[in-house]
1. Looking at Ser27, is it in contact with a Phe, Trp or Tyr (Cβ under 8 Å, 6 or more places away or on another chain), at negative phi and not in a helix (DSSP H, G or I)?
2. For the stretch 5-24, give me each residue that is aromatic (Phe, Trp, Tyr) and either assigned to a loop (DSSP other than H, G, I, E, B) or surrounded by fewer than 12 Cβ atoms within 10 Å (Cβ to Cβ) (or both).
3. Select, from Ser37, Ser27, the only residue that is of a type in the set (Gly, Ala, Ser), surrounded by 10 or more Cβ atoms within 10 Å (Cβ to Cβ) and in contact with a Cys (Cβ under 9 Å, 6 or more places away or on another chain).
4. Answer yes or no as to whether Lys58 is in a helix (DSSP H, G or I), within 19 Å of the chain's Cα centre (by Cα) and surrounded by 10 or more Cβ atoms within 10 Å (Cβ to Cβ).
5. Quick check on my filter: what residues within the stretch 41-52 are surrounded by 11 or more Cβ atoms within 10 Å (Cβ to Cβ) and under 16 Å from Asn5 (Cβ atoms)?
6. Would you please list the contacts, defined by Cβ atoms under 8 Å and residues six or more apart or on different chains, that run from a residue in the stretch 38-53 that is more than 18 Å from Ser27 (Cβ to Cβ) to a residue that is open to solvent by 70 Å² or more (accessible area, probe 1.4 Å) and in a strand (DSSP E or B)?
Amino acid sequence: MINDNCKYCLYTEYTEINILINDITGSDYMTCVHKNSPHFEENINHTNYCRLFIDAEKYFLQKDRKDKLNNLKK
């Protein structure tokens, strides 16, 4: 997958520092917030990869499926 990197992961977010640095340098860095990640609390961009990658689309698709299965069991 083309977007299978830390920049598109659910465990990354922009902080005030990231936004300030990105505005000054014209780059696009975010911070990893997953405690078990090797990149925890590091500035990451599209060149970083992690085994804990979770795509939002896959996550919500799986969550919807799980919710539907739970509703069927009731």
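1. Working: in contact with a Phe, Trp or Tyr (Cβ under 8 Å, 6 or more places away or on another chain): no; at negative phi: yes; not in a helix (DSSP H, G or I): yes.
It is false that Ser27 is in contact with a Phe, Trp or Tyr (Cβ under 8 Å, 6 or more places away or on another chain), at negative phi and not in a helix (DSSP H, G or I).
2. Filtering the stretch 5-24 for residues aromatic (Phe, Trp, Tyr) gives 8, 11, 14.
Across the stretch 5-24, the qualifying residues are Tyr11, Tyr14.
3. On the way: Ser27 fails: in contact with a Cys (Cβ under 9 Å, 6 or more places away or on another chain).
After applying the criteria, what remains is Ser37.
4. On the way: in a helix (DSSP H, G or I): yes; within 19 Å of the chain's Cα centre (by Cα): yes; surrounded by 10 or more Cβ atoms within 10 Å (Cβ to Cβ): yes.
Here the answer is yes, as Lys58 does meet what is asked.
5. Listed by number, the residues that qualify are Glu42, Asn43, Ile44, Asn45, His46, Asn48, Tyr49, Cys50, Leu52.
6. none
The values are calculated or read from the model by the stated rules, or taken from the named source; none is laboratory data. The shown structure was predicted, so the numbers you read here are calculated from the model rather than taken from an experiment. With ideal geometry, Cβ positions are generated from the backbone for all residues, glycine too; neighbour counts draw on all protein chains shown. Remember, those area values only see protein heavy atoms, side chains included, never the ligands or the DNA or RNA. Shrake-Rupley method; radii C 1.70, N 1.55, O 1.52, S 1.80 Å.
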